[in-house]
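The values are calculated or read from the model by the stated rules, or taken from the named source; none is laboratory data. Small disclaimer: the values here were computed from a predicted structure and weren't measured. A quick note on method: Cβ atoms are made from the backbone with ideal geometry, for glycine too, and the neighbour counts reach across all protein chains shown.
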Amino acid sequence: MHFFVIILAVVLLADISWILAARRLARAVPGRGAWISLNVLFAGSQLAGLLLLIVGRGMHADWDHHLPRFAISAVLIWHLLGVPLMLVAGLACLGWALGRFIAGRRSAAGTGGPVGGAALSRRHFLGMTALGAPTLFTVGLSGVAQAQLDSFRVRRLVLPVPGLPPDLDGLTIAHVSDMHLGRLTTAPVLRRMVGTVNDLRADLVLQTGDLINDELSALPEGLALAGAMQGRYGNCLIEGNHDLIENRTVFEARARESSVPFLLNEARTLSIRGCPVQLLGLRWDSSGVEDRDAVIAGSVRKVTALREPGAFPILMAHHPHAFDAAAAAGIPLTLSGHTHGGQLMLGDGVGAGPLFYRYWSGLYRRGSSQLVVSNGVGNWFPLRINAPAEIVHLTLRTAG
């Protein structure tokens with residue numbers, strides 16, 4: 001909670017700082033009044049939007065539901081992406097300006113010459129660019145985000161699995177993660193997603209958490225959507241961190257009452273083609289944030305202790321770092337989400353994914369164990385770069 005308050009204070013300070021900086025930058029720009037008005041309007045609308053989201057969330061109100069998704073996207077993109085970039089750019093500009101000042105002092109001491117008109121023109125250009133960049137950046141990326149919010153792909157993977165019983169050769173799994181039903185991912189697109197999952201006619205539908213974005217008011221529809229997905233032999237659900245934001249106890253109680261089997265550090269064994277398949281569902285543990293990996297590993301050890309001899313195990317874990325402990329325990333297949341494919345990726349190994357996670361998208365192997373991390377089908381943040389929303393369709397094959 002203290003961390004959240006600090007982040008909020010920094011963001012609000014950044015908004016106010018931008019208004020003050022814009023006024024200063026506008027002094028050197030022709031038509032300064034219009035530029036100041038534009039930036040006051042931009043920063044003011046961003047502040048108002050942020051406060052509306054925060055206060056509405058704190059009061060469990062639905063004010064944000066009346067905001068267009070474009071407006072919500074703009075608020076999130078500016079404060080979670082634009083503000084950090086602005087702070088970095090501001091520090092870089094301060095360093096550059098300091099270097100120019102020192103160089104200019106030395107040059108003036110040597111020549112005694114005045115600053116020329118070219119320098120003033122350059123200053124005007126830089127000032128106008130700085131003043132217009134935040135608005136163009138935010139509006140432009142928000143427009144890109146709108147084109148992405150209702151789109152998803154089906155990623156198909158064929159996995160040779162060591163130790164897969166011959167009777168399970170060709171077993172298919174629809175892996176669905178991070179639906180985030182809420183302000184950005186709405187029920188209509190998720191209904192389309194359910195139709196796509198059912199058209200796959202998979203043997204299993206396995207859902208690895210973050211059914212809702214944060215509000216329990218979305219849970220009845222979320223559980224209905226989760227239950228509408230059809231697997232030939234079963235459909236199973238675990239929880240993610242976003243599911244627990246408003247009230248963990250209520251979420252877990254309602255999920256248990258639904259038609260979808262809900263696993264909290266529990267196991268469920270299904271008979272598929274006469275062969276036992278054991279689903280191991282990991283509970284999200286919000287304690288021990290300082291050593292998240294150790295907490296996850298402890299949970300994996302608890303749930304793998306439930307393994308049945310002779311059953312083929314599949315671990316469902318929202319956080320992909322569970323793979324380390326799962327591989328150590330000899331679990332052949334782990335399914336995860338949480339990372340959104342890295343969300344903002346400049347390349348295969350460059351971006352937010354490898355910055356925060358050891359595993360962030362696709363297939364990973366360690367010995368005879370494999371991990372599949374889904375990019376997720378929904379969105380809590382509106383913009384994706386090289387990390388498209390997806391349903392993952394797996395076909396398991398007996399390794400030769």
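The lone criterion from (1) under 30 Å from L53 (Cα atoms); (2) touching a Lys or Arg at 6+ places or on another chain (Cβ under 8 Å) left unmet by R232 is number (1). Condition check for I245 on (1) more than 14 Å from W380 (Cβ to Cβ); (2) in contact with a strand residue (DSSP E or B) (Cβ under 9 Å, 6 or more places away or on another chain): one failure, at (1). Within region 40-83, take every residue that is touching a Phe, Trp or Tyr at 6+ places or on another chain (Cβ under 7 Å) and over 18 Å from V10 (Cβ atoms) and give me the one that is modelled with the lowest pLDDT. Residue satisfying both the conditions and the ranking: G56.
Could you list, in sequence order, the residues of region 164-181 that are part of a loop (DSSP other than H, G, I, E, B) and either crowded, with 24+ Cβ neighbours inside 10 Å or of a type in the set (A, V, I, L, M) (or both)? Step through it out loud before you land on a result.
At the first step, the residues of region 164-181 found to be part of a loop (DSSP other than H, G, I, E, B) are 164-165, 169-171, 177-180.
Hits for region 164-181 are L164, L171, S177, D178, M179, H180.
Can you find a residue that is in a strand (DSSP E or B), over 22 Å from G44 (Cβ atoms), modelled with pLDDT of 90 or more and of a type outside the set (S, T, Y) anywhere in region 142-149? Among the residues of region 142-149, not one is in a strand (DSSP E or B), over 22 Å from G44 (Cβ atoms), modelled with pLDDT of 90 or more and of a type outside the set (S, T, Y), which makes the answer no.
Considering each residue of region 188-203, count those that are surrounded by 15 or more Cβ atoms within 10 Å (Cβ to Cβ) and either without any contact (Cβ under 8 Å) to a residue 60 or more places away in the chain or part of a helix (DSSP H, G or I) (or both), and give that number. Break it down stepwise before answering.
Restricting attention to region 188-203, the residues satisfying the condition of being surrounded by 15 or more Cβ atoms within 10 Å (Cβ to Cβ) are 189-190, 193-194, 196-198, 200, 202-203.
Filter again for either without any contact (Cβ under 8 Å) to a residue 60 or more places away in the chain or part of a helix (DSSP H, G or I) (or both), leaving 189-190, 193-194, 196-198, 200.
Residues that pass the stated criteria total 8.
Of all the numbered requirements in (1) more than 30 Å from P309 (Cβ to Cβ); (2) under 15 Å from the mean Cα position of the chain (by Cα), G337 misses one, and that requirement is (1).
Identify, please: which residue in region 213-264 is part of a helix (DSSP H, G or I) and among the β-branched types (V, I, T) and is, among those, surrounded by the fewest Cβ atoms within 10 Å (Cβ to Cβ)?
Restricting attention to region 213-264, the residues satisfying the condition of being part of a helix (DSSP H, G or I) are 216-228, 242-244, 248-256.
Those still in the list that are among the β-branched types (V, I, T) too: 249-250.
Numbers: T249: 8, V250: 12.
Top of the filtered list is T249.
Within region 354-373, is there a residue that is touching a Phe, Trp or Tyr at 6+ places or on another chain (Cβ under 7 Å) and of a type in the set (A, V, I, L, M, F, W, C)? Checking region 354-373: at least one residue is touching a Phe, Trp or Tyr at 6+ places or on another chain (Cβ under 7 Å) and of a type in the set (A, V, I, L, M, F, W, C). Selection of region 323-360 for residues being of a type in the set (G, A, S), in contact with a strand residue (DSSP E or B) (Cβ under 6 Å, 6 or more places away or on another chain) and either within 28 Å of V277 (Cα to Cα) or surrounded by fewer than 16 Cβ atoms within 10 Å (Cβ to Cβ) (or both) yields A326, A327, S336, G337.
Conditions (1) polar (S, T, N, Q); (2) outside the structural domain of T208 (by TED's automatic domain parsing); (3) at pLDDT 95 or above, marked per residue:
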| site | (1), (2), (3) |
| --- | --- |
| A253 | no, no, yes |
| R256 | no, no, yes |
| T269 | yes, no, yes |
| S286 | yes, no, no |
| R292 | no, no, no |
| I296 | no, no, no |
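Across region 378-400, the qualifying residues are those that are out of contact with any strand residue (DSSP E or B) (no Cβ under 6 Å at 6 or more places or on another chain) and of a type outside the set (S, T, N, Q), and the one among them that is surrounded by the fewest Cβ atoms within 10 Å (Cβ to Cβ) is G400.
Considering region 265-288 alone, what residues qualify as being of a type in the set (S, T, N, Q) and either exposed (fewer than 15 other Cβ atoms within 10 Å of the Cβ) or part of a strand (DSSP E or B) (or both)?
Narrowing region 265-288 to residues of a type in the set (S, T, N, Q): 265, 269, 271, 278, 286-287.
Residues satisfying the conditions are T269, S271, Q278, S286, S287.
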